[in-house]
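Since the structure comes first, as structure tokens, the remarks are kept for the end.
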Amino acid sequence: MNLKDILSGISGLKAKGNLDIEIEGIENNSKNVKQSYLFVAIKGFTVDGHDYIKNAIENGAIAIAVEEGFNIKNANIPEDITIIMSKDNRELLAISACNFYNNPSRNFKLIGITGTKGKTTTTFMIKEILEEAGKKVGLIGTVATYVNGKRLANSERTTPESLELQKIFAKMREEEVEYVVMEVSSQSLKLHRVDGCDFNLVVFTNFSEDHISEKEHPDMQDYFESKLKLFNMCKKGFTNIDDLYGAKIPKLFPESDIAGYGIDNYGKFLAKDITITNSYVDFKFKLSDRNERIKVDIPGRFTVYNALAAICVCKDLGIEPECIKQALLKIKVPGRSEMVENKLELPIMIDYAHSPESLQNILSAVKSYTKGKVISVFGCGGDRDVRKRPLMGEISGNIADYTIITSDNPRTEDPEKIVNQIEEGIKKTKAKYEIIVDRVEAIKKAISIANKGDIVVLAGKGHEPYQEINGKKYPFDERIIVNDIINKTDKKGK
């Protein structure tokens, strides 16, 4: 594609050299650059792509995109290399990728889901409903990418980088996908990953403290404003009106068509007569011209909100009520209130809860229906908001009958330091607890003290099949670990 066409729609560009050249591909990783490529230098949190311009040229780049302020003279770039300078190369990369792949998101209906919690479950619910209706569906999110029922790849992040995202969209277009439902993270909106995407419907699930750190959002206002960017990209959507922040959205976008859903506050779409048990929720909802009973085999009040969001989207898309009911009845979501099958039939739940509110929600939910003890096993991720650590310790101490504080994804931090910060919070309670930094050993201890009337909640990892330590991801699938422990342990005497 001609470089001029690739850069179409990007304002404020400056150029040195020939723009009338054919580009065979775009890359922001110099290692992947090939002959006749455009290399876009991205200044990341730990690596600056501008330092790899020479490598990109050696690998075949014929055009280089740099950001304003970069000293071109000191870079010794050959005269025959075209140089483009922009105010923001992340934005340039996103729009260039859209142009290069011929704007694939215009070829299907794109549904974006944002919010602190519930994104994954809601996207899976929508996917399940649409597939029940016989539609061809793509899904992009925290767990994996799916195309027409096939798992394409596991996910590195909730929302892919813009270049990878457009490649995936192009693949979905080739597969003649009709609908794509995707999780849209606040980071992806802030860092321009979804710029140029053509959204048809968007959803705001809820908002609570999370992702506050030097590498993510400096404060809650920045976090919220980042999520709101999605509503600038689409004029039609749905928001949780029981959420303090979600209720603000219709007023913030008065010219958009944004309807509210909820349980407690007045809105267009409401769930009524709710039943929550230890294995399911059901509620009444006006699916057609009358209220109908909806059942979902995922316990917890939060399931009602996720189901409402999915129902709103699918009703708007014209999906038949019976398809909606049948799909929600059989939905299973990896790492979200997921029960681990084991030969001892011990109730062991894996959940992705990694924020104070999500931990409180899952522990409160299981506490309400568990006859025996609630055994909580959790940690906090490294290089993330340190303020939530004592809060989560206090929450587990107040709700669980026994807490084992352990490691999560320590990343570049000292695991001992993290668990000590969690302990500061649990000390405020009268809780029974212990610290076992090794997560495998922590799980082993939880299983050893659990009976069939109890429930073990392994919080934080959810669907993740790895543990991240000092920049490396080690295999860590809690489903496998649980069964390995049980198969190696003689618990017949319990």
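The values are calculated or read from the model by the stated rules, or taken from the named source; none is laboratory data. Computed from a predicted structure; not experimentally measured. As a convention, Cβ positions derive from the backbone with ideal geometry for all residues, glycine included, and neighbour counts pool all protein chains shown.
Restricting attention to region 428-441, the residues that are among the charged types (D, E, K, R) and farther than 22 Å from Glu413 by Cα add up to 3.
Checking Lys54, Lys87, Lys73, Lys109 one by one, the residue that is touching a Gly at 6+ places or on another chain (Cβ under 6 Å) and either over 19 Å from Asp195 (Cα atoms) or of a type in the set (Lys, Arg) (or both) is Lys87 and no other. With respect to the conditions (1) at pLDDT below 95; (2) over 29 Å from Asn398 (Cα atoms), Gln326 lacks only one, and its number is (1).
Considering (1) within 26 Å of the chain's Cα centre (by Cα); (2) without any contact (Cβ under 8 Å) to a residue 60 or more places away in the chain; (3) part of a loop (DSSP other than H, G, I, E, B), the lone condition that Gly318 does not fulfil carries the number (1). Of all residues in region 431-469, those that are basic (Lys, Arg) and either touching a helix residue (DSSP H, G or I) at 6+ places or on another chain (Cβ under 8 Å) or surrounded by 22 or more Cβ atoms within 10 Å (Cβ to Cβ) (or both) total 3.
In the set (1) within 23 Å of the chain's Cα centre (by Cα); (2) over 30 Å from Thr412 (Cβ atoms), Ala353 fails one condition alone, (2). Residue count for region 25-53 under the criterion of being exposed (fewer than 13 other Cβ atoms within 10 Å of the Cβ) and either without any contact (Cβ under 8 Å) to a residue 24 or more places away in the chain or touching a Cys at 6+ places or on another chain (Cβ under 6 Å) (or both): the result is 4.
Scan region 110-117 and give yes if some residue there is surrounded by 20 or more Cβ atoms within 10 Å (Cβ to Cβ), basic (Lys, Arg) and in a loop (DSSP other than H, G, I, E, B), otherwise no. Yes; the residues of region 110-117 include at least one that is surrounded by 20 or more Cβ atoms within 10 Å (Cβ to Cβ), basic (Lys, Arg) and in a loop (DSSP other than H, G, I, E, B). Would you confirm whether or not region 223-236 contains a residue that is modelled with pLDDT of 90 or more, buried (at least 21 other Cβ atoms within 10 Å of the Cβ), among the aliphatic types (A, V, I, L, M) and closer than 25 Å to Leu317 by Cα? Yes, because at least one residue in region 223-236 is modelled with pLDDT of 90 or more, buried (at least 21 other Cβ atoms within 10 Å of the Cβ), among the aliphatic types (A, V, I, L, M) and closer than 25 Å to Leu317 by Cα.
Of the residues in region 258-271, not one is assigned by TED's automatic domain parsing to the domain that holds Leu317, free of Cβ contacts under 8 Å to residues at least 60 places away in the same chain, of a type in the set (Asp, Glu) and over 22 Å from Phe302 (Cα atoms). Among the conditions (1) in contact with a helix residue (DSSP H, G or I) (Cβ under 8 Å, 6 or more places away or on another chain); (2) surrounded by fewer than 21 Cβ atoms within 10 Å (Cβ to Cβ), Lys472 misses just one, which is (1). Summed over region 145-178, residues that are closer than 24 Å to Leu189 by Cβ, free of Cβ contacts under 8 Å to residues at least 24 places away in the same chain and exposed (fewer than 15 other Cβ atoms within 10 Å of the Cβ) total 2. Considering region 238-251, the residues that are in contact with a helix residue (DSSP H, G or I) (Cβ under 7 Å, 6 or more places away or on another chain) and either free of Cβ contacts under 8 Å to residues at least 60 places away in the same chain or among the polar types (S, T, N, Q) (or both) include one that is farthest from Gly196 (Cα to Cα), namely Ile241. Checking each residue in region 144-181 for being part of a loop (DSSP other than H, G, I, E, B) and touching a Gly at 6+ places or on another chain (Cβ under 7 Å) picks out Ser155, Thr158, Val177.
Restricting the search to helices (runs of 4 or more DSSP H) fully inside region 351-438 and requiring at least 3 residues that are at pLDDT below 95 gives 356-369.
Only one entry in Tyr369, Tyr352 is surrounded by fewer than 23 Cβ atoms within 10 Å (Cβ to Cβ) and among the aromatic types (Phe, Trp, Tyr), namely Tyr369. Among the residues making up region 250-272, those that are farther than 15 Å from Val203 by Cβ and either within 25 Å of the chain's Cα centre (by Cα) or buried (at least 17 other Cβ atoms within 10 Å of the Cβ) (or both) are Leu252, Ile263, Leu270, Ala271.
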